[in-house]
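Asks: Would you mind keeping the following structure in view while I ask a few things?
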Amino acid sequence: AIVQIGVVSERENPHKDWFFFPFKDMPNEQRGSGSGIIISADGYIVTNNHVVENASKVTVGLSDKRQFDATVVGTDPLTDLAVVKIDADNLPVAFLGNSDNLKVGQWVMAIGNPLSLSSTVTAGIVSAIGRGQLGLIRDSYGVENFIQTDAAINPGNSGGALVDLSGSVIGINSAIAAGGGGTYIGYGFAIPVNLAKAVAQDLIAHGKVSRGYIGINIGEVDNAIAKSLGMDAPKGIIIQGIVEDGAASQADLKAGDIILEIDGREVNRPNELQSYVASLTAGTTVKLKVFRDGNTLERKVTLKAR
């Protein structure tokens, strides 16, 4: 269910320092390659946005050596995800697992087509979860909540699968901490599959993501902030500002409030909140547990479009 994706693009790809390394064999075209995951028997494939961004032609190679031209169904630069479609039936479909159940130290395998070596599998562990603030998505609204792994991944693995030992896809390989020449030096990053599932469903249904936003500026709670607010330990996320006419402006939230939980999930880093909200559509109502003036409050917020 892991495929090879070939791309012809007309101009420079802004993310070429990720897994996208074009071969400049023609003066006005660039060629690159990546990986993808079949998510439906009728030909929908999830991959990275930076693999197919600015593509004038996309081809897909299957494990049985068949080649297909592909259509880009939709892209979401804020999560670096995309869906492409080929005209085929009865394809093998990857089983998409639950990335919320991942534990640090858990064994995983990376599957893809690194350095044009098709169907390559490497193994390692989940070395961290919830990695953010890496600067890989160059947008202030970009969602970075990566799974970090030491399974060896290299250029061409982009869009391939990070799977657990039962074969369930739990992440979409997206980036590496690269040494000279952009090769593996010990750290790789994958998008959690739960986020990828939500984005892919939206892209297939609408061609774009109808993402909801709370409408707040947030920051991490450090020890000094916790002490100043009378908290026994640093936890939660502090609201630094309320966006005018945003969802939070209508929900009795204010600067200085500490968000402890969203829909029963503890959140202690901004990207944890951001990643969860990014999986929800505008119009969804979320329940927040908020610390204010020594008291714990509950507030409901109906997400609005950006």
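The values are calculated or read from the model by the stated rules, or taken from the named source; none is laboratory data. Remember, predicted model here, so these are calculated numbers, not experimental data. Here the Cβ positions follow ideal geometry from the backbone for every residue, glycine too, while neighbour counts run over all protein chains shown. These accessible areas exclude ligands, DNA and RNA; they are computed on the full protein's heavy atoms, side chains included. Shrake-Rupley method; radii C 1.70, N 1.55, O 1.52, S 1.80 Å.
Asks: Please enumerate the residues belonging to region 212-230 that are open to solvent by less than 20 Å² (accessible area, probe 1.4 Å) and either over 30 Å from Val84 (Cβ atoms) or in contact with a helix residue (DSSP H, G or I) (Cβ under 6 Å, 6 or more places away or on another chain) (or both). It would help to see each step written out before you state the result.
Replies: Going residue by residue through region 212-230, those that are open to solvent by less than 20 Å² (accessible area, probe 1.4 Å) are 212, 214-215, 219, 221, 226.
Ile214, Gly215, Gly219, Val221, Ala226 - these are the residues of region 212-230 that are open to solvent by less than 20 Å² (accessible area, probe 1.4 Å) and either over 30 Å from Val84 (Cβ atoms) or in contact with a helix residue (DSSP H, G or I) (Cβ under 6 Å, 6 or more places away or on another chain) (or both).
Asks: So, one more: Please list, ordered by first then second residue, the pairs with beta carbon atoms under 6 Å, 6 or more apart or interchain, first in region 83-94 and within 12 Å of Leu62 (Cβ to Cβ), second open to solvent by less than 70 Å² (accessible area, probe 1.4 Å) and aliphatic (A, V, I, L, M).
Replies: Qualifying pairs under 6 Å: Ile86/Val60; Ile86/Ala70; Asn90/Ala41; Leu91/Ile38; Leu91/Ala41; Pro92/Ala1.
Asks: With open to solvent by 20 Å² or more (accessible area, probe 1.4 Å) and at pLDDT 95 or above as the only criterion, which of Val60, Val108, Val93 stands out?
Replies: Answer to the selection: Val93.
Asks: Right, another one. Condition first: closer than 17 Å to Ile39 by Cα, more than 22 Å from the chain's Cα centre (by Cα) and among the hydroxyl-bearing types (Ser, Thr, Tyr). Can you find one or more residues in region 93-114 that meet it?
Replies: Checking region 93-114: not a single residue is closer than 17 Å to Ile39 by Cα, more than 22 Å from the chain's Cα centre (by Cα) and among the hydroxyl-bearing types (Ser, Thr, Tyr).
Asks: Determine which single condition Ala128 fails, assuming it passes every other condition in (1) surrounded by 16 or more Cβ atoms within 10 Å (Cβ to Cβ); (2) over 17 Å from Ile2 (Cβ atoms).
Replies: (1)
Asks: Please determine, by comparing only the residues of region 12-38 that are open to solvent by 40 Å² or more (accessible area, probe 1.4 Å) and modelled with pLDDT of 60 or more, which one is farthest from Leu91 (Cα to Cα).
Replies: Top of the filtered list is Asn28.
Asks: Also, I was wondering about something else. May I ask you to list the residues in region 80-108 that are part of a loop (DSSP other than H, G, I, E, B), within 23 Å of Asp150 (Cβ to Cβ) and either touching a helix residue (DSSP H, G or I) at 6+ places or on another chain (Cβ under 9 Å) or among the β-branched types (Val, Ile, Thr) (or both)? Break it down into steps so the answer makes sense when it comes.
Replies: Taking region 80-108 and keeping what is part of a loop (DSSP other than H, G, I, E, B), we get 80, 86-95, 97-98, 102-106.
When the remaining residues are screened for being within 23 Å of Asp150 (Cβ to Cβ), the result is 80, 94, 97-98, 102-106.
Correct list: Asp80, Gly97, Asn98, Val104.
Asks: List every residue pair whose Cβ atoms lie under 8 Å apart, where the two residues are 6 or more positions apart in sequence or sit on different chains, the first residue falls within region 202-215 and is on the phi > 0 side of the Ramachandran plot, and the second residue, located anywhere, is surrounded by fewer than 20 Cβ atoms within 10 Å (Cβ to Cβ) and of a type in the set (S, T, N, Q).
Replies: Listed pairs, sorted by first residue: Gly215/Ser249.
Asks: Condition first: out of contact with any strand residue (DSSP E or B) (no Cβ under 6 Å at 6 or more places or on another chain) and modelled with pLDDT under 90. Now tell me which residues in region 165-183 satisfy that.
Replies: Ala178, Gly180, Gly181, Gly182, Thr183
Asks: Just the residues that are assigned to a strand (DSSP E or B) and over 24 Å from Gly212 (Cα atoms), please, taken from region 46-77. Steps first, please.
Replies: Restricting attention to region 46-77, the residues satisfying the condition of being assigned to a strand (DSSP E or B) are 46-47, 55-61, 67-76.
Selection gives Ala55, Ser56, Lys57, Val58, Thr59, Val60, Gly61, Gln67, Phe68, Asp69, Ala70, Thr71.
Asks: If you take the residues of region 249-299 that are among the acidic types (Asp, Glu) and open to solvent by 20 Å² or more (accessible area, probe 1.4 Å), which of them is nearest to the chain's Cα centre (by Cα)?
Replies: So the first thing to find is which residues in region 249-299 are among the acidic types (Asp, Glu), and the list is 252, 257, 261, 263, 266, 272, 293, 298.
Retained after the next criterion (residues that are open to solvent by 20 Å² or more (accessible area, probe 1.4 Å)): 252, 261, 263, 266, 272, 293, 298.
Numbers: Asp252: 30, Glu261: 21, Asp263: 20, Glu266: 20, Glu272: 12, Asp293: 35, Glu298: 29 Å.
Across region 249-299, the extreme among qualifying residues is Glu272.
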